[in-house]
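This report concerns only the one structure given below.
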Amino acid sequence: TMELKMRLCVALFSLSLCLLLMGHVRAQEDVDDMEMDVEDTIDYVQDEDVVTYKAPEPMGEHFFAESFDKGTLQGWVLSQAKKDGIDEDIAKYDGKWEVEEMQDSKLPGDKGLVLKSRAKHHAISALLLRPFTFDTKSLIIQYEVNFQTGIDCGGAYVKLLSQTPDLDLEEFVDKTPYTIMFGPDKCGEDYKLHFIFRHKNPKTGEFEEKHAKKPDADLRTYYTDKKTHLYTLVLNPDNSFEMLVDQTVVNSGSLLTDMTPAVNPPAEIEDPDDHKPEDWDERPKIQDPDAVKPEDWDEDAPAKIPDDDAVKPDGWLDDEPEYISDPDALKPDDWDEDMDGEWEAPQIPNSACETAPGCGAWERPTIDNPNYKGKWKPPMIDNPNYQGVWKPRKIPNPDFFEDLHPFRMTPFSAIGLELWSMSSDIFFDNFFISSDRNVAERWANDGWGLKKAAEGAAEPGLVNQMITAAEERPWLWIVYVLTVALPLVLIIVFCCTGKKSSAPATAAEYKKTDEPQPDVKEEAEEAAKEEETETKDEEDSSGEAEEAVENGDKDENASNEKSEEDILRRCRVPLLKRIPQHLSAPIPNPAQSSLPPLLLPLVPILVPMM
């Protein structure tokens, strides 16, 4: 049993070393891969050891591309208008915009558009290279956002401004007609990713906002991690849409079935002139009119009654009150009995009751009354006159229409940001509008991909990441402790515990009990004989081994060396090249082993590993 435990100890220790080394190698490979990715996308200035940034360039058909790396707002128009319906002090769109680098930029030279003011209305817009018309090609709009100081309440969404004859970017306000609104928005604990489009009613010509269903994904991280995230909206001519964050789909659906309110109204509606008849019975159950209260039903019986079997505890102080006036209390000097009434000392617990089971008049405790039935009510039965829940009749919807191509929206000719925010320093970058998804992805890789690689290279190590995650989710500490403690406990249990061979009792110890004392001399002789036999067997085995070497048994030696090399290569750790002789002894009978039954099936697996 002890030999088997030693084998398991060595196996567990070797396995732990293997896993540790493999984890270190894997982590090093990840670091090397990250460094290679960064080197592929970033040029290093060797003399100054500074990362240089190369602005993305659009490669293919596009309608708008802006990286702000020129350092100016050239092509953008600040709104000079005022918002209607609010106080004059905050009605003006006077929020500040700047083109600058991020506060904690990992790419010197990479600039973006920054919303600088808190609690201000902001509005800025720019014309597209040419208007976008919804026909047979998809629409892809994407841009980057970084909430550098977090976000309390505010939005970071964009509006695609509809092409109209009277579009004036200097008068850009919240009521300026837009075709699509898309992007993140947050207030309180409500994290949103908007996709709204304005649909034109083909019968009335009026526009109505259609909102995409709420994403199932948890969006909280994108607002709190202070990293740059890429927001992408894809609309296809087959009416399908996709919303992506960091090139991962977080919401998708169809313009026909996944918008609220629905694009197409119902073919039938409830008749507004239909009314429920006065005698319509909607009650599925009624009281049994033939039921009669039983004669022995006592409605006056109390719910609780005194316990007749209760006995007053011994030592109960009937004449002692539970509370007494504080004898040390004094009437305040400013006490006015005319104004405050007669002064009374405050009540304190009676010290005489501290050691007694109770004070004051003893009353029997109450128990549930077995005869209590409460107020009698007739039982409920099915209503024979039940007619179901009344609903107005259906009539054809006079406003019904069927638009099977809601993708064909109003063309748009400008992009704009019209925002109110309680947070400042919101960073926008790399706006791009195209009809080719491959072109858009190439632009994303050259812009956002570069930021991601640089931010990834600057991220803390695995241990710091684990600590940061545990600070946000304290329950992870339990996982970490169990992950580390469990292997250690297993190693200690199987390597450092077990039956200890009891040392021979001394003569004095035997004298203290009635246990018979063994014949020490006979045992010593038997032990000497066994030792002589083992020595002889070892000499015979050594002689046979030397004879095998002398006869040139090279194949067996080569096989053993190859086996050892395979073991070393698999584990990647320097194991002992020789195993102590006592470890190669025959495996004890599992039935006679003291190992837990669940570990016995592992013995045939672990022993060959040695």
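The values are calculated or read from the model by the stated rules, or taken from the named source; none is laboratory data. Source: prediction; values computed, not measured. Every residue, glycine among them, receives a Cβ derived from its backbone with ideal geometry; neighbour counts consider all protein chains shown. To get the accessible areas, we keep the full protein, side chains included, count just its heavy atoms, and leave off ligands, DNA and RNA. Shrake-Rupley method; radii C 1.70, N 1.55, O 1.52, S 1.80 Å.
Points to keep in mind about this one:
- Condition check for Glu98: modelled with pLDDT of 90 or more, in a strand (DSSP E or B) and acidic (Asp, Glu): yes
- So Asn438, is it under 30 Å from Val263 (Cα atoms), under 48 Å from the mean Cα position of the chain (by Cα), assigned by the TED database to the domain that holds Ala212 and not β-branched (Val, Ile, Thr): yes
- Selection of the stretch 119-139 for residues being in contact with a strand residue (DSSP E or B) (Cβ under 7 Å, 6 or more places away or on another chain) and either among the hydrophobic types (A, V, I, L, M, F, W, C) or open to solvent by 20 Å² or more (accessible area, probe 1.4 Å) (or both) yields Ala123, Ile124, Ala126, Leu127, Leu128, Leu129, Pro131, Phe132, Ser138, Leu139.
- For the stretch 362-382, the count of residues that are free of Cβ contacts under 8 Å to residues at least 60 places away in the same chain and in contact with a Leu (Cβ under 7 Å, 6 or more places away or on another chain) is zero.
Quick grid of which residues meet (1) under 26 Å from Cys359 (Cα atoms); (2) at pLDDT 90 or above; (3) out of contact with any strand residue (DSSP E or B) (no Cβ under 7 Å at 6 or more places or on another chain):
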residue: Asp296; (1), (2), (3): no, no, yes
residue: Asp309; (1), (2), (3): yes, yes, yes
residue: Lys312; (1), (2), (3): yes, yes, yes
residue: Trp316; (1), (2), (3): yes, yes, yes
residue: Gln347; (1), (2), (3): yes, yes, no
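Table: residues versus (1) in contact with an Asp or Glu (Cβ under 8 Å, 6 or more places away or on another chain); (2) open to solvent by less than 20 Å² (accessible area, probe 1.4 Å); (3) over 30 Å from Ala119 (Cβ atoms); (4) not assigned by the TED database to the domain that holds Lys451.
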| residue | (1), (2), (3), (4) |
| --- | --- |
| Phe195 | no, yes, no, no |
| Asn201 | yes, no, yes, no |
| Asp216 | no, no, yes, no |
| His229 | yes, yes, no, no |
| Asp238 | no, no, yes, no |
| Ser252 | yes, no, yes, no |
| Asp258 | no, no, yes, no |
| Glu268 | no, no, yes, yes |
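- Yes/no for Phe431 being hydrophobic (A, V, I, L, M, F, W, C), open to solvent by less than 30 Å² (accessible area, probe 1.4 Å) and not in a loop (DSSP other than H, G, I, E, B): yes
- Just one of the listed residues (Asn397, Asn371, Asn350, Asn383) is more than 30 Å from Leu317 (Cα to Cα), open to solvent by less than 20 Å² (accessible area, probe 1.4 Å), outside the structural domain of Ile151 (by the TED database) and polar (S, T, N, Q), namely Asn383.
- Test: residue in the stretch 288-301 that is β-branched (Val, Ile, Thr) and open to solvent by less than 60 Å² (accessible area, probe 1.4 Å): no
- Put simply, of Val173, Val158 the only residue that is open to solvent by less than 10 Å² (accessible area, probe 1.4 Å), hydrophobic (A, V, I, L, M, F, W, C) and in the same structural domain as Ser125 (by the TED database) is Val158.
- Scan the stretch 127-145 for residues that are out of contact with any Lys or Arg (no Cβ under 7 Å at 6 or more places or on another chain) and either within 21 Å of Thr228 (Cβ to Cβ) or among the hydroxyl-bearing types (Ser, Thr, Tyr) (or both) and the total you get is 7.
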